[in-house]
Structure formats: C-alpha cells, structure tokens
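None of the figures in this text is laboratory data; all of them are computed from the coordinates on show. Because the structure is a prediction, the values reported are computed rather than measured. Cβ placement follows ideal geometry from the backbone for every residue including glycine, while neighbour counts extend to all protein chains displayed.
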Amino acid sequence: MAVPELIRIATRSSPMALAQVERVRRELAASHPGVRTEVVPVTTSGDRWPGALSELGGKGAFTKEVDALLLAGEADLAVHCVKDVPADRPLPAGTTWAAFLKRDDLRDALVHPGGLTLDELPPGTRIGTSSVRRVAQLASSHPHLRCVPMRGNANRRLEKLDAGEADALLLAVSGLERIGRSDRITEALPLETMCPPIGAGVLALQCREDDEQTIEAVAGLGDPDTWREVTAERMLLHVLQGHCNSPIAGYARAERDGRLSLRARVFSPDGKTVLDAHEWAGPLDPATLGTSVAVALLRQGARQVIDAIPH
C-alpha cells in the first residue's frame with residue numbers, strides 16, 4: 001500500500017505535547033523519509049480550565065477536541081499520553097489505536113529546590129500536585145507532608161514552585177525529560193514508593209479506523225512489549241470502571257522471556273485503605289491479565305472504595 005505524502009498530526013498545543021509530536025515526527029522521518037508531516041495544534045478544554053478536572057468530566061477534557069479534529073478529517077493522526085485517555089469508556093467510534101511507542105520512564109520525580117529526598121522532607125512541607133493518585137499515596141506513606149493543589153503544564157508548575165507556591169513538586173520523570181528539564185529532578189521515586197498511573201510514560205498514536213494508509217505508515221513505530229503492557233493496564237481500568245477522582249495506580253511489565261506481570265493498587269483518597277494485587281500472566285493474553293487483576297481488587301472491596309468517592 002502506498003504511504004501518504006502528508007500526515008497531519010493533531011495535538012495539544014502545550015510545550016510537552018509539541019515535544020511529544022517532535023518525537024513522532026523524527027521516528028516517522030526515519031522509517032518513511034518521503035513522508036511530510038504537519039502539526040495541527042489545538043488548545044483543549046482541559047488546558048483552558050483552571051479548576052479540578054472532575055468538574056469538566058475528567059480526563060477526556062484533554063482529548064476530546066483532538067478526537068474531533070481526527071473525526072472531522074482535519075487531521076490524520078493524534079498523539080496522546082495514554083495516561084490522559086479515559087479507559088472506562090471505549091475510544092470514540094470511528095477511531096483506533098495504530099501504535100504505542102516504546103515506553104519511557106514511568107516513575108514520578110520529586111523536585112525540591114534544596115535537594116532533599118522525599119524521606120528527608122520535614123513535616124508540613126507543601127507538595128504541589130493535583131493528582132488524586134499522588135495525594136492518596138503520600139497520605140498513606142508520608143502523612144506528615146501537605147499536598148497543595150497545583151495544575152498547569154510542567155513548565156508552569158516549575159514556575160509556581162520557584163515563586164514559592166509550594167515547597168516541592170511531584171511530576172512525571174518522562175514529562176520532565178521530554179521538555180528538557182530533567183536537571184530539576186531531585187529524586188526519581190521507586191515504583192514501590194509511588195505507583196504510577198495507568199499508561200505512564202507511553203505515547204499513543206490514534207487514527208481513523210478507515211484510514212488504512214496512515215495506520216500502515218505509523219504502525220511500525222509501535223513497540224510490541226509496550227502494546228502488551230498498555231493492553232493489560234487499560235483493561236484493568238476498564239473493568240474497575242474508575243472515574244477521574246479514583247486513586248488507581250498500576251503498571252504491567254513485559255519480561256525478556258515473554259512473561260507479563262501486572263501490579264495494581266486502589267486507594268481511598270485519605271490513603272487509609274490500600275488494596276493491592278499483583279499477578280503474572282503465564283499463558284494469559286494481556287487483556288485477560290488486566291481482567292484478572294481487576295477482579296482480585298474487586299474481591300478486596302475496590303468497588304465500594306471507588307463508589308464512595310464523589311465525582
């Protein structure tokens with residue numbers, strides 16, 4: 001099948017999103033030197049809204065305008081952070097995943113101007129984050145620290161930290177690396193300390209289902225291990241039917257010998273309830289592994305924990 005001459009890429013217009021698109025353009029140029037790319041930026045309702053995402057209907061606030069460009073035929077490809085794409089409902093009808101790029105670092109980073117690690121922070125230290133997942137885990141493991149709400153892109157949050165609106169920040173390692181600010185990382189937190197969000201560190205390429213040319217052109221950028229990991233993680237989230245105020249965390253890991261594991265946790269917002277499940281797939285396919293781990297969490301009472309959280 002002939003490769004398209006031009007691929008129009010829809011993306012959020014934040015510095016992070018544009019950096020992510022540049023990675024896709026580089027990889028596309030390496031695999032298909034003749035293909036031209038054009039960026040179609042959009043400012044989403046999630047980018048414009050200063051308040052809690054739950055008031056906007058959750059994570060879809062960062063993706064629906066991008067999806068609309070794709071469905072209207074004004075773009076051929078959308079680049080998303082998987083962690084921002086809701087998994088409790090299917091992708092918009094008429095669109096499909098074409099590839100998941102090789103996974104970046106999935107850890108959270110502590111940014112502290114004085115160079116202290118998380119365990120060294122004194123009581124009352126103000127941690128800037130609006131992530132319910134981070135807030136619940138800190139409440140569980142470091143209850144002496146105080147979380148203060150902080151939204152905005154990573155550059156903006158670093159500015160707010162430098163202006164004294166918080167004493168430290170929690171941000172994604174991969175995000176800081178993408179915008180060239182890994183120099184600000186004081187400590188990359190172990191996964192045991194801060195379990196990542198579903199889809200952490202993964203960029204996804206979304207196309208219209210009927211656009212076979214574009215799908216074929218970008219499919220080769222995908223990483224098979226990342227595909228298996230994300231499939232397991234998103235099925236877990238789908239079965240749990242978590243909403244954007246649900247502190248759910250987890251990650252799958254594909255081993256070199258082909259085995260796949262999935263670790264997942266569900267927290268109450270105050271961190272007092274922590275449900276934990278960890279399984280190996282063996283011969284199970286990734287979606288079945290995701291279902292199995294979700295069922296293990298539901299057996300521990302995850303439904304009651306999630307349903308008790310207002311959203």
Would you look at the GNM of the chain, springs on alpha carbons closer than 10 Å, and say which of Pro149, Pro269, Pro92 moves the most? Pro92
I'd like the distance between the alpha-carbon centres of region 1-17 and region 227-296, rounded to an integer number of Å. 30
Of all GluC sites (Glu not before Pro) in region 81-175, which ones are in loop regions per DSSP and have a Cβ with at most 15 other Cβ atoms within 10 Å? Glu165
Residue-count net charge about Ala109 - beta-carbon cut-off 14 Å; Lys, Arg +1, Asp, Glu -1: 0
Charge context of Trp227, other residues only, Cβ under 12 angstrom, K/R +1, D/E -1: -1
Run the quick spin-label model on Asp307 and Leu18: label points 7 Å from Cα toward the beta carbon, then report their separation in nm to one decimal. 4.7
Spin-label point model (7 Å from Cα, Cβ direction): what's the Lys272 to Ala93 distance in nm? 4.4
When DSSP assigns beta bridges and you keep just the ones with both residues in the chain, what percent turn out antiparallel, to the nearest 5? 65
At 7 Å along Cα-to-Cβ for each site, give me the label-to-label distance between Asp183 and Leu116 in nm. 2.4
Just how far, in whole angstrom, is region 131-199 from region 86-123 if you go by their alpha carbon centroids? 10
With point charges of +1 on the Cβ of Lys and Arg and -1 on the Cβ of Asp and Glu, referenced to the Cα centre of region 232-306, which listed residue (Ala277, Leu260, Met235) lies farthest in the positive direction of the dipole? Ala277
With r as the distance between the Cβ atoms of Arg156 and Asp223 and R0 = 25 Å, compute the FRET efficiency 1/(1 + (r/R0)^6) and round to 0.05. 0.25
Note down the relative contact order for the chain as a percent, whole number, built from C-alpha pairs under 8 angstrom at least six residues apart. 21
Give me the dipole magnitude in Debye, nearest 20, for region 232-306 about the Cα centre, with unit charges on the beta carbon: positive for Lys and Arg, negative for Asp and Glu. 100
Rounded to the nearest 20 debye, what is the charge dipole size of the chain about its Cα centre when +1 sits on each Lys and Arg Cβ and -1 on each Asp and Glu Cβ? 620
The farthest towards the positive end of the charge dipole of the chain, of the residues Cys81, Gly175, Ser140, given +1 on Cβ of Lys and Arg and -1 on Cβ of Asp and Glu, is Ser140
Note on region 108-188: contact order normalised by length, alpha-carbon pairs under 8 Å, 6 or more apart, percent, works out to 47
Grab the other residues whose beta carbon is less than 14 angstrom from that of Leu289, score K and R as +1, D and E as -1, and report the net. -1
